[in-house]
Amino acid sequence: MIPMQQNGDHIDPGTLNFFIDGELQVGDEERIRQHVKRCRLCALYVVSGQELKAVIQCVGQRFSAGPGGTSRVRRVGNGNLVRGNSQPALRAAVRQLPPTLREVLLLCDREELSCRDIALQLDIPISAVISRISDARDTLCHLLILQLGKLQ
């Protein structure tokens with residue numbers, strides 16, 4: 001069971017990332033779903049994380065070491081935070097991530113591995129995986145904001 005941590009009126013990013021990645025138990029998932037309906041900040045975090053995850057699944061194939069890749073490609077709509085025409089900026093931002101963050105993010109979002117499976121594969125604690133995914137998504141959002149701001 002994944003602990004539901006709340007920081008004041010908001011759910012912590014680690015728990016929200018478990019929600020985004022579909023790794024919560026049904027009861028916990030429903031509690032977060034209800035909270036997100038009331039909390040605009042947590043809702044924005046979830047929507048942004050889901051969009052980012054979908055785009056990384058698509059463009060993440062370009063980071064594959066092996067041929068073919070196993071990712072499922074999802075289309076990104078025009079109203080999303082990361083638009084199709086910003087995919088070069090996303091690829092550049094992913095390349096700028098520190099290797100430890102990039103590796104965990106791509107295993108989670110491109111390869112769709114669970115946090116537990118990533119921890120086993122990399123031989124690191126699950127808490128490190130959770131922290132790295134959260135740090136990677138936060139850093140990626142900051143890098144994208146900076147890169148997309150330069151393009152305008």
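What follows draws every value from the coordinates through simple rules; no lab data is involved. As the structure is a prediction and not an experimental result, all values here were calculated from the model. Glycine gets a Cβ as well: all are built from the backbone with ideal geometry, and neighbour counts include every protein chain shown.
Would you mind getting me the FRET efficiency between C39 and Q121? Use the beta-carbon distance for r and R0 = 30 Å, nearest 0.05.
Calculated value: 0.35.
Using a Förster distance of 25 angstrom, determine the FRET efficiency expected from the C-beta separation of A92 and Q50, and round it to 0.05.
0.70
Go ahead and run the numbers for FRET between T100 and D9, Cβ-Cβ distance against an R0 of 30 Å, rounding to 0.05.
0.45
If I model a spin label as a point 7 Å beyond the Cα along the Cα-Cβ vector, how far apart are those points for A128 and V26 in nm?
3.5 nm
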